[in-house]
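Student: Take this structure, written in structure tokens, and hold onto it; I'll ask about it next.
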Amino acid sequence: MKILIIDDESNIRRIVQMALARVGAMEVLEAPSGTDGIRTAREAHPDAILLDVMMPGLDGPSTLAALRSDPGTAAIPVIFLTAKAVLSELEQLRDLGPAGVLTKPFDPLALAGHVRATLRES
Amino acid sequence: MATVHETLQDLRSEYVGESTDNLDHIHGLIRQLEGSPDLTSLEQLHRRFLGLAGSGYTYGFPLVSTLGRKGERLCAPSLQQGQVLSPGRLVACRAVLDELRAEFDRLLAAYTAGPWARRVPSRPQTWPVTLAS
């Protein structure tokens, strides 16, 4: 399974890389911004995308919209990975139609299981 | 090959080691907001605190997440209303920053001197060169 993590924070990309590659035996691609992530998604066709919400420039919801509007990436399941904790904000994210919403902080040893479960449920 | 837990410890050391730059940046943003407040700096400050809220506990440092969340909640209402931070909230943000510095100082001491100190890569091996006369 090939996962693309889009997050402007390098420390999150690093630990997601470790969590999914080492613990979950997944192939992990990284992008530091929404714009780079869209380009990588078009080129590499990942099986799923983990997408940060609060990013400078193109934020998570705008990146999701751009991915959905492109026939080459529209079908890729997107899971929001967010540090937002207010329930109404999480509901607003769910209303955008992602495959799921996972929250930060997360347990790096359990992340791969959560990603697989979220993709199964979607 | 390093085990997952060893890799995690290395990542933790790296995270702690990078904290000074992050906290200095937060300090600069608070000073900017104290001097000539603007919404861009407030947005950046909010994002920095939110980043710590999300990353701290992920790396195994719950107090960092708690303090990051505290800072984020100080910034969020003003940001949503398109207003700059009140002097009282700025003082509270500075107090959060001081607590974060104290926590990272403690972690830095533990991670540079303790049993989990980051492994320092050995210097690359260089072969003696014999020059032909």
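Laboratory data are not the source of any read-out in this text; all were calculated from the coordinates shown. Note that the structure is predicted; figures quoted are calculated from it, not measured. Glycine gets a Cβ as well: all are built from the backbone with ideal geometry, and neighbour counts include every protein chain shown.
Student: In deg cm²/dmol, rounded to 500, what helix-only [θ] at 222 nm does chain A give when every DSSP H run of at least 4 residues adds -39500 (n - 2.57) and the total is split over its residues?
Tutor: Result for chain A, helices only: -11500 deg cm²/dmol.
Student: Can you pull the mean other chain C-beta count within 10 Å for peptide A:76-83?
Tutor: The shielding value for this peptide is 2.
Student: Which residues' amide hydrogens lie under 5 Å from the amide hydrogen of A:VAL28, considering only partners 5 or more residues apart or on another chain, with H built in the peptide plane?
Tutor: HN-HN under 5 Å from A:VAL28: A:ILE3.
Student: Can you sort A:MET18, B:MET1, A:MET1 by how many other beta carbons sit within 10 Å, fewest first?
Tutor: Ascending Cβ contact count within 10 Å gives the list B:MET1, A:MET1, A:MET18.
Student: Separate question: May I ask you to compute the full-extension gain from B:GLU18 to B:VAL4, defined as 0.36 nm times their residue separation minus their alpha-carbon distance, rounded to one decimal in nm?
Tutor: Going from the current span to full extension adds 2.9 nm.
Student: In addition: Give a residue-ordered list of calculated ³J(HN,Hα) values for the stretch A:28-38 (Karplus: 6.51 cos²θ - 1.76 cosθ + 1.60, θ = phi - 60°; whole Hz; x for Gly, Pro).
Tutor: Per-residue couplings from phi come out as 10, 10, 10, 9, x, 7, x, 4, 5, x, 4 Hz.
Student: For A:PHE106, enumerate residues with amide H under 5 Å from its amide H, sequence gap 5+ or separate chain, H modeled in the peptide plane.
Tutor: For A:PHE106, the qualifying residues are B:THR58.
Student: Oh, and also: Starting from the amide H of A:MET55, placed 1.01 Å from N in the peptide plane, find each other amide H under 5 Å away whose residue is 5 or more places distant or on another chain.
Tutor: Correct list: A:GLY60.
Student: Let me spell out the model: positive unit charges on the Cβ of Lys and Arg, negative unit charges on the Cβ of Asp and Glu, origin at the Cα centre of the protein assembly as shown. What dipole size does that give, in debye rounded to 20?
Tutor: In total the dipole reaches around 380 debye.
Student: Taking θ as phi - 60°, what are the ³J(HN,Hα) couplings along the stretch B:52-64 by the Karplus curve (6.51, -1.76, 1.60), each to the nearest whole Hz, with x for Gly and Pro?
Tutor: In residue order, the calculated couplings are 5, 4, x, 8, x, 5, 4, 8, x, 10, x, 5, 4 Hz.
Student: Still on this structure, please answer the following. Take B:TYR15, B:TYR57 and order them by how many other Cβ atoms sit within 10 Å, fewest up front.
Tutor: Starting with the residue having the fewest Cβ neighbours, the order is B:TYR57, B:TYR15.
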